[in-house]
Each structure stands twice: as C-alpha cells, then as structure tokens.
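Heads up, the thing below is written out as structure tokens.
The values are calculated or read from the model by the stated rules, or taken from the named source; none is laboratory data. The shown structure was predicted, so the numbers you read here are calculated from the model rather than taken from an experiment. For neighbour counting, all protein chains shown are included, and Cβ atoms are generated from backbone atoms with ideal geometry for every residue, glycine included. Just so you know, the surface numbers come from the protein's heavy atoms only, side chains and all, with ligands and any DNA or RNA stripped out. Shrake-Rupley method; radii C 1.70, N 1.55, O 1.52, S 1.80 Å.
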Amino acid sequence: MPSLSQLTISLLLPALVCGGIYVYVAYLCRRDKNEILLKWLIAAALGIAYIIGYIGLEGKLTLKPIESRHWIFYLTVVTVGTSGLWHRYQGFGVMLEVLLSILVPRILLISYYEYSWSIFEGLMWWIGLVIIVFFFLRIVQQSFKTLPQNATIPFVYLGISGGTALILALSGSMLLALHSAILVALFTALWILTIVLPRVLKSDSSHNPAALLIGAAPVLSILFVSIWLNGRFYAEVPSLSVLLLVIAPLFAVVAKKKSQLIQIGLMALSVGIAIGIAVFRSGLFGDLPI
C-alpha cells in the first residue's frame, strides 16, 4: 500500500498541476485564438498530471516495461505528443485511432499472446478488442462534442473514473484502483474550476475554456482503455462491468436531443450497474455467476 507521501504526490500534486494548466488555458482563451494549441495544452495538462501521479504510485519509471501497466506511461507520452495533430487533421486523427486500436491490445496483453492463447484464439481476441477500442475512441470524442460545454463534461468523466476506481478495488487490484483515482483527482479539479472560473473571469460563450476540454479526449481514451484492459485481464474485473463502462459515453451521444439530466442519468445508470456487478462478484453477497 502506498505511503501517505506517495498518495499526496500521486493524487494531490497531479490535481494541482492539471488545475494550474487549465487556469492558464482559461487565461489564454481570452487572448489567444490558436484553438489547436489550447486543445493541446489541455491534453498536456491531463497527460503530464497523470504521469506525475504514475511516478508517485510506481515509485520510479521502468524504462523497460516489465508489467502491462508500465506501458501506460509510454502510451500517455505518445498520445500527448500527437494530440495536436489529432485535432488539426481529421484524417490523421482517424489513422492514429486505428493504429492505437491495433497496437494497444497487442502491447498490453503480450503475455497472453505469448503464453496463454493459441494463434487462433489470440487473433479472435485481437480483432474483437480492436473493434471495441476503436469504437470507444470515437465515442469519447463524440461525447465531448455532445455534452454541454460546461462543468458537465468533467463531472461525467469524474463519475466514470470514480466508478472504475471502485470496481478495480472491489476486484482485488488496489494499485490499478489508485491509477484510476489519479483521474478522479484530475477531473475533480477540472470540475471545480469549470464552475468557478467563468464567474471569476466573467467569461462569455466566445471565451469558454470548457469547450476546449475535447483536447483531452485522446489522452483520456487511451488511459481508460489501458486501465480497463489491465483490470480485465490481470485483475478480476468482470467483463460485463468493463463493457458497461465502455458504453457509458455512448449514452451522451444517443440522448443528445434529450435533456442534460437524461444524458447524465443514463451514463450514471450504466456505471452504477457496472459497480453493482463488481460488488456481487466481490463475494460480499456470496458467489454469483456473473
């Protein structure tokens, strides 16, 4: 279990860094019209803050990854580095999504491909996971566009992050739960700031930093995918819980013509059911076949 100082570095410091960069973006938003740069800064805020938390939890950087979760650092760096091009060129963004959808499952599940699965079984898993990952990358970006451009976005992803952390803890992986708790800390900071800053800065709709939060979509997507794959294959997270977390952002898209309350309610229901399944699987209510 990490010490108090490790938890401070892993949760509080990343939140301060992420919040500080977001405040800077909000300041620039009133003066700078370089939208691509501002979106990249948002991606960098999430990525850099997560990496700080990652180092705090792991204690060091493992230059040669030993365990699957060690790859999350490199995937975060790559996604932050390319996120500017991701938003500038739509074609590049789609190509990168396809490439990451192919590579991420293969990289994170290398031990399964080498020691557990036959060639055919590995191929079937790979094809299925590529489709699911690509679907999720697309849906997250659409959800950022569909949700109201205000505190709703960080609030929704705070809920998904928190649900992920709880499910991982119930499934016996406290370390992975803490990795997800880093995201909880980051989105808590962003949620508070998206409520407070418009009043402090007296921002109007043409200078709305919350509209730039979509810049974090690529980084956030890969972080979620990496944590969920680790939880499903290296912990005891129920497959159905993972699938419900994956589809949660979809409800923001399918309910886009409905009220904000319905959007949030459907997403919360999906996450809530995922948590419920993990609770039953944890053995608190006996052994149930889920």
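Of note:
- Averaged per residue, the chain has 46 square angstrom of accessible surface, using a 1.4 angstrom probe with ligands and nucleic acids left out.
- Degrees, to the nearest 10: 260-281 long Cα axis against longest axis of the chain: 30
- Accessible-area composition of the chain, carbon plus sulfur, in percent [1.4 Å probe]: 70
- Among 172-181, 241-250, sorting by the average number of other beta carbon atoms lying within 10 angstrom of each residue, highest first, gives 241-250, 172-181.
- Annotation: extensible slack from Thr8 through Arg30 equals 4.7 nm (criterion: 0.36 nm per residue apart, minus Cα-Cα distance).
- FRET efficiency for the pair Ser116 and Arg88, taken as 1/(1 + (r/R0)^6) with r the Cβ-Cβ distance and R0 = 35 Å, rounds to 0.30.
- Nearest 10 degrees, 0 to 90: helix 174-201 Cα axis against the chain principal axis: 10
- MRE, 222 nm, helices only [DSSP H, n ≥ 4, -39500 (n - 2.57), over the chain, to nearest 500]: -24500 deg cm²/dmol
- Exposure rule at most 16 other beta-carbon atoms within 10 Å, DSSP loop GluC sites (Glu not before Pro): the chain longest free segment: 68-235
- Computed from Cα atoms, the angle from the helix 13-29 axis to the main principal axis of the chain rounds to 40 degrees.
- Other residues with beta-carbon under 14 Å from the beta-carbon of Val156 carry, at +1 per Lys or Arg and -1 per Asp or Glu, a net charge of +2.
- The label point for Arg106 and the one for Leu63, both projected 7 Å from the Cα toward the Cβ, are 2.6 nm apart.
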